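To start, the structure under review is shown below, and the notes come after it.
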Amino acid sequence: QKEVEQDPGPLSVPEGAIVSLNCTYSNSAFQYFMWYRQYSRKGPELLMYTYSSGNKEDGRFTAQVDKSSKYISLFIRDSQPSDSATYLCAMSPLILTGGGNKLTFGTGTQLKVEL
Amino acid sequence: EPEVTQTPSHQVTQMGQEVILRCVPISNHLYFYWYRQILGQKVEFLVSFYNNEISEKSEIFDDQFSVERPDGSNFTLKIRSTKLEDSAMYFCASRKGTGGRSSYNSPLHFGNGTRLTVT
């Protein structure tokens with residue numbers, strides 16, 4: 001079983017739709033969860049991060065973590081064509097000493113928001 | 001907003017040659033990283049660097065790879081003798097941290113990468 005699993009898509013939705021992106025993980029040491037957006041030929045751009053179970057909201061984006069199920073989600077409300085990108089989940093153990101924070105990434109989900 | 005910058009954006013080299021990929025992390029960040037992404041595959045951790053030494057490295061980061069922070073602003077990745085399978089996007093990342101319990105809370109910020117093509 002892979003440490004982090006993410007449906008690669010592609011996922012195509014109409015403008016204005018609610019998008020749900022998901023990752024599952026197997027390593028219970030993961031405590032710190034991030035979502036990155038990656039446009040073609042660009043680096044990952046941080047969208048949200050959290051280390052708590054539950055929901056965290058930032059504008060049109062909501063990150064949800066369920067540690068008991070080892071399942072994380074990113075919801076995008078009122079999706080726009082500019083949201084078309086690849087969305088990467090990433091996670092790491094919490095490191096109590098400096099220098100850690102090695103991230104394990106999912107494969108990314110390709111999203112296309114159509115007019 | 002401050003950002004991580006990487007140069008060059010694209011590097012083409014012949015197999016067996018040495019390459020140096022350069023990064024300027026965000027100025028008040030203390031932790032530095034290299035990741036790579038082979039075309040069509042996921043982003044993979046290579047190495048983390050803190051306080052002028054490697055803090056963790058992956059099995060990919062063998063003796064052909066080295067990192068250096070030669071001055072107060074640059075962070076470099078050197079591949080001594082490139083192989084065809086080194087062709088990938090290489091991303092530099094950094095995060096801030098002042099030490100203590102807060103040092104692990106800050107997320108990574110990535111540059112736009114260097115596309116390395118080994119022929």
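Strands (runs of 3 or more DSSP E) fully within region A:26-93 that include at least 2 residues being hydroxyl-bearing (Ser, Thr, Tyr) and touching a strand residue (DSSP E or B) at 6+ places or on another chain (Cβ under 8 Å): A:30-38, A:45-50, A:71-76, A:85-93. Looking across region B:83-111 at every residue that is open to solvent by 60 Å² or more (accessible area, probe 1.4 Å) and at pLDDT 95 or above, the one that is farthest from residue B:49 (Cα to Cα) is identified as B:84.
Among the candidates A:82, A:92, which residue alone is of a type in the set (S, T, N, Q) and crowded, with 18+ Cβ neighbours inside 10 Å?
Selected residue: A:92, the only one of A:82, A:92 that is of a type in the set (S, T, N, Q) and crowded, with 18+ Cβ neighbours inside 10 Å.
Taken over region B:22-48, the criterion of being more than 10 Å from every other protein chain (Cβ to nearest Cβ) and either over 19 Å from residue A:46 (Cβ atoms) or open to solvent by 70 Å² or more (accessible area, probe 1.4 Å) (or both) is satisfied by B:22, B:27, B:28, B:38, B:39.
Being without any contact (Cβ under 8 Å) to a residue 40 or more places away in the chain and within 12 Å of residue B:92 (Cα to Cα), is that true of even one residue in region B:22-44? Checking region B:22-44: at least one residue is without any contact (Cβ under 8 Å) to a residue 40 or more places away in the chain and within 12 Å of residue B:92 (Cα to Cα). Inside region B:49-73, residues that are more than 14 Å from every other protein chain (Cβ to nearest Cβ) and crowded, with 16+ Cβ neighbours inside 10 Å make up a count of 1.
Among the residues of region A:67-80, is there at least one that is closer than 25 Å to residue B:96 by Cβ and of a type outside the set (D, E, K, R)? Scanning region A:67-80, I find at least one residue that is closer than 25 Å to residue B:96 by Cβ and of a type outside the set (D, E, K, R), so the answer is yes. Taken over region A:36-65, the criterion of being open to solvent by 60 Å² or more (accessible area, probe 1.4 Å), away from chain B (no Cβ under 14 Å) and under 22 Å from residue B:42 (Cβ atoms) is satisfied by A:64 alone. Just wondering, is there one or more residues in region B:3-13 that are open to solvent by less than 20 Å² (accessible area, probe 1.4 Å) and modelled with pLDDT of 95 or more? Within region B:3-13 (the criterion being open to solvent by less than 20 Å² (accessible area, probe 1.4 Å) and modelled with pLDDT of 95 or more), the answer is yes, since at least one residue qualifies.
Scanning region A:70-79 for residues that are closer than 14 Å to residue A:33 by Cα and open to solvent by 10 Å² or more (accessible area, probe 1.4 Å) returns A:70, A:71. Pairs are defined by a Cβ separation below 9 Å, a sequence spacing of at least 6 or placement on different chains, a first member in region A:35-59 that is farther than 13 Å from residue A:111 by Cβ, and a second member that is part of a loop (DSSP other than H, G, I, E, B) and of a type in the set (Phe, Trp, Tyr); the pairs so defined are A:45/A:39.
The values are calculated or read from the model by the stated rules, or taken from the named source; none is laboratory data. Fair warning: this is a prediction, and the values are worked out from it, not measured in the lab. Cβ atoms come from the backbone with ideal geometry, glycine included; neighbour counts cover every protein chain shown. These area figures cover heavy atoms from the full protein model, side chains too; ligands, DNA and RNA do not enter into them. Shrake-Rupley method; radii C 1.70, N 1.55, O 1.52, S 1.80 Å.
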